[in-house]
Amino acid sequence: MSEPSETKWSCEYCTYENFPSSLKCTMCRGPRPFVSEDIYRLHGSERSLSNTNLPGLAAGPCENKMNRGKWSCEICMFVNQSKDQLCSQCSNPAPSSPNTLHEHIQPLRITQNSDIAQSLSRSRTNSPPTSLTNIENSRRTTQKWMCSMCTYENWPKSIKCSMCGHVPNNSHRSQASSLIMSSPEREIDSNQDNTRLHGSPNILDTAISQSSNNYDTERKIRQLRRHADWNWLNACLGILEGDPNPVEAYLSSGGDPTRTLTAAEVAILNRASAFDVGHTLVHLAIRFKREDLLAILLSQIEGSGSGVKRVPSYVAPDLAADIRRHFASTLRQRKGSFQCNYVTEFPTFALPAEVDELPGPVQEQLFTELLDKDAQEQLESDPAVINWSLELTVRLGSRLYALWNRSAGDCLLDSVMQATWGVFDRDNTLRRALAESLSQGGRLFYPRWKEYEAAQASLLHFSLEEGQWEEDWTSLLSLASQPGTSLEQLHIFALAHILRRPIIVYGVKYVKSFRGEALGYARFEGVYLPLLWDQSFCIRTPIALGYTRGHFSALVPLEPYSSRLDRPQTHHPDELQSIFLPLMDRERKLLHVHFLTEAELGQEETILRQWLDVCETEGGVLVAQQLLHKRPLLVAQMIEEWLNHYRRLAQMTSAPFARPIPIQDYSSDGDTDDE
């Protein structure tokens with residue numbers, strides 16, 4: 001009963017046992033292996049196969065074919081005519097003669113020292129007999145190494161995977177035995193290697209390294225995504241997309257801004273071109289030029305409070321976008337000899353009076369999230385530049401507050417937009433208007449700028465040639481047209497013409513280093529008047545800006561109630577109050593008026609009275625009136641939404657069971673300003 005199974009031959013590829021008459025494997029259609037032929041019968045021997053102790057070898061179908069006038073091909077087993085010199089099927093040459101066949105078969109004899117004999121001996125000793133083909137396949141499998149990426153078994157001589165091209169970390173000879181280990185052993189060995197190289201591995205890194213193929217990798221990543229810190233990962237995506245909401249949520253929950261991305265987190269984010277291992281939120285903000293978010297992160301790292309800012313345009317991003325579009329629609333260009341852009345509306349931004357009604361802790365949080373504390377402290381420190389007169393700040397209610405804005409080269413334009421409309425110049429509308437005005441109106445700007453700069457240079461005992469003047473002028477035009485670049489005094493002078501109103505800059509006298517050392521003289525402080533326009537074409541209400549170390553801030557007052565006024569109302573029905581801006585420093589010296597010609601020097605006070613509503617206080621301080629009119633509708637709606645957030649916080653403190661104010665628990669919808 002066992003004879004039929006012994007005469008079958010085993011397929012080299014799928015180990016299926018086929019009948020002796022089959023030339024190809026019935027299962028996988030693989031060719032019949034040469035090793036399964038009975039070499040003794042091919043040699044003409046009558047010895048029985050049972051004497052060889054090779055149970056897998058059977059007689060082939062070509063036995064004694066040469067004796068009957070035909071010969072069987074050694075390659076494809078096709079039976080050919082005796083006259084054929086080549087196989088009709090595969091073109092293999094015919095054997096020379098039956099008598100010399102043993103010379104060709106001799107190398108296939110099994111000796112005691114051969115690999116097959118040794119394998120058979122071991123198999124007889126350790127396990128039940130198996131076919132010679134299975135033994136050969138087992139020997140080859142143990143010599144191959146498995147790719148850790150696609151699990152393809154490669155030959156030992158392969159340096160990289162033949163399927164996916166993956167190059168193993170170590171030599172394939174040293175990894176061959178480890179890669180064909182069982183799955184649990186391979187996982188343990190991989191974990192031990194990662195621990196030796198990187199210390200205690202991250203749970204996501206360990207899971208990914210343990211997976212043996214793409215299916216397991218995807219399955220483990222899907223499982224571990226449910227346990228990942230998505231608050232942190234969403235903050236990284238927020239930096240990429242310019243969305244401050246997830247960044248604020250991460251920081252407000254106590255997240256560390258210095259946290260770095262791991263390899264597993266980069267794999268989960270699946271943005272290889274955007275995220276790299278070891279990057280922090282600061283790296284991402286610098287890489288994608290998110291200056292506004294970078295300022296928040298740096299302030300958080302430096303320990304200056306929560307670092308999260310809540311300006312009105314944060315709370316009402318749609319209204320802020322509408323305000324910017326409305327501002328763009330108010331820009332016009334003057335025709336004629338002086339082609340300069342100008343605005344048709346003149347709002348002046350001020351903080352709402354309702355801020356004074358908020359409880360002390362809520363009011364403190366509001367100022368922390370709205371103001372630039374560093375700029376405020378520098379401007380008020382000794383020697384103070386703003387709020388140095390108690391008569392102005394207390395009696396006349398003209399205290400100035402430095403609003404926070406972006407810290408890039410757009411801070412001047414942001415501060416101008418904040419002082420007028422309460423938003424940032426995110427769309428670079430004001431910058432484009434500035435560049436166009438200097439370029440097209442240069443015929444009038446250039447002579448006054450050159451004369452003013454030449455006078456300043458003569459005080460320092462040096463002069464420039466005409467080519468150098470033109471080169472400097474070209475550089476100033478280039479700065480005006482490039483977003484993110486710092487601006488100079490000429491640009492403030494041009495902005496005064498675009499706004500058609502004076503600009504007063506209160507700035508530090510000297511630019512200092514981080515260690516407090518004076519680096520140079522800061523020349524920004526002073527009054528900038530639209531001298532190239534007719535006075536009748538401009539308004540007399542100025543705006544105020546603050547200048548610290550390379551940074552501009554909008555200086556705005558707190559709007560008082562009408563019922564508090566102790567002065568008679570003016571004839572303007574929409575006018576709320578006059579704020580008084582000093583035209584002197586604390587030493588009672590008149591502020592410098594920029595870009596005056598040689599003929600106008602010495603007449604500064606007269607010129608100021610021509611362009612501003614100037615009066616003198618009882619203490620002898622020369623001041624300019626800043627008239628606060630009714631807010632535009634869009635600005636009023638934005639301020640109202642912003643105030644509602646702090647009103648809700650105030651209700652928490654006045655409830656029957658008052659709760660502590662969440663200093664960092666923000667829930668606003670964010671702002672499209674990227675602020």
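The values are calculated or read from the model by the stated rules, or taken from the named source; none is laboratory data. The structure presented is a predicted model; accordingly, all values stated were derived computationally and were not measured. All Cβ positions, even for glycine, are placed from backbone atoms using ideal geometry, and neighbour counts span all protein chains on display.
Residues of the range 93-102 include at least one that is modelled with pLDDT of 80 or more and in the same structural domain as residue 30 (by TED's automatic domain parsing).
For the range 349-357, the criterion of a residue being under 27 Å from residue 525 (Cα atoms), in a strand (DSSP E or B) and touching a residue at least 12 places away in the same chain (Cβ under 8 Å) is satisfied by at least one position. Annotation: residue 576 fulfils all but one of (1) surrounded by 14 or more Cβ atoms within 10 Å (Cβ to Cβ); (2) modelled with pLDDT of 65 or more; (3) touching a Lys or Arg at 6+ places or on another chain (Cβ under 9 Å); the unmet one is (2).
Within the range 466-541, which strands (runs of 3 or more DSSP E) (wholly inside it) include 3 or more residues that are at pLDDT 95 or above and under 17 Å from residue 597 (Cα atoms)? Outline the logic, then answer.
On the way: elements: 503-507, 510-512, 518-521, 526-528.
Where strands (runs of 3 or more DSSP E) fall fully within the range 466-541 and carry at least 3 residues being at pLDDT 95 or above and under 17 Å from residue 597 (Cα atoms), they are 526-528.
Residue 564 meets all of the listed conditions (1) surrounded by 12 or more Cβ atoms within 10 Å (Cβ to Cβ); (2) modelled with pLDDT under 95 but one, namely (1). Of the listed requirements (1) modelled with pLDDT under 95; (2) within 44 Å of the chain's Cα centre (by Cα), residue 633 misses just one: (1). The set of residues in the range 580-603 being crowded, with 17+ Cβ neighbours inside 10 Å and either not assigned by TED's automatic domain parsing to the domain that holds residue 491 or not hydrophobic (A, V, I, L, M, F, W, C) (or both) consists of 582, 585, 594.
Any chance you could count how many residues in the range 315-344 are under 14 Å from residue 423 (Cβ atoms) and either more than 37 Å from the chain's Cα centre (by Cα) or part of a loop (DSSP other than H, G, I, E, B) (or both)? So the answer is 2. Filtering 289, 335 for residues that are out of contact with any Pro (no Cβ under 6 Å at 6 or more places or on another chain) and modelled with pLDDT under 85 leaves a single hit, 289.
I'm checking my understanding of the structure. Among residues of the range 218-252 that are among the small types (Gly, Ala, Ser) and without any contact (Cβ under 8 Å) to a residue 60 or more places away in the chain, which one is farthest from residue 288 (Cα to Cα)? For the range 218-252, the residue satisfying everything is 228.
Against the definition (crowded, with 22+ Cβ neighbours inside 10 Å and modelled with pLDDT of 85 or more), how does residue 316 come out, yes or no? Yes; evaluated as a whole, the condition is true for this residue.
Filtering the range 452-462 to residues that are at negative phi and either at pLDDT 95 or above or loosely packed, with under 10 Cβ neighbours inside 10 Å (or both) leaves 459, 460, 462.
Scanning the range 253-288 for residues that are in a helix (DSSP H, G or I), under 20 Å from residue 218 (Cα atoms) and in contact (Cβ under 8 Å) with a residue 12 or more places away in the chain turns up 263, 264, 265, 267, 268, 269.
Can you confirm whether the range 400-409 contains a residue that is at pLDDT 95 or above, buried (at least 21 other Cβ atoms within 10 Å of the Cβ) and within 21 Å of residue 620 (Cα to Cα)?
Kept after step one, since they are at pLDDT 95 or above, are these residues of the range 400-409: 400-403.
Those still in the list that are buried (at least 21 other Cβ atoms within 10 Å of the Cβ) too: 400-403.
Applying the additional criterion that residues be within 21 Å of residue 620 (Cα to Cα) yields 400.
Yes, that holds for at least one residue.
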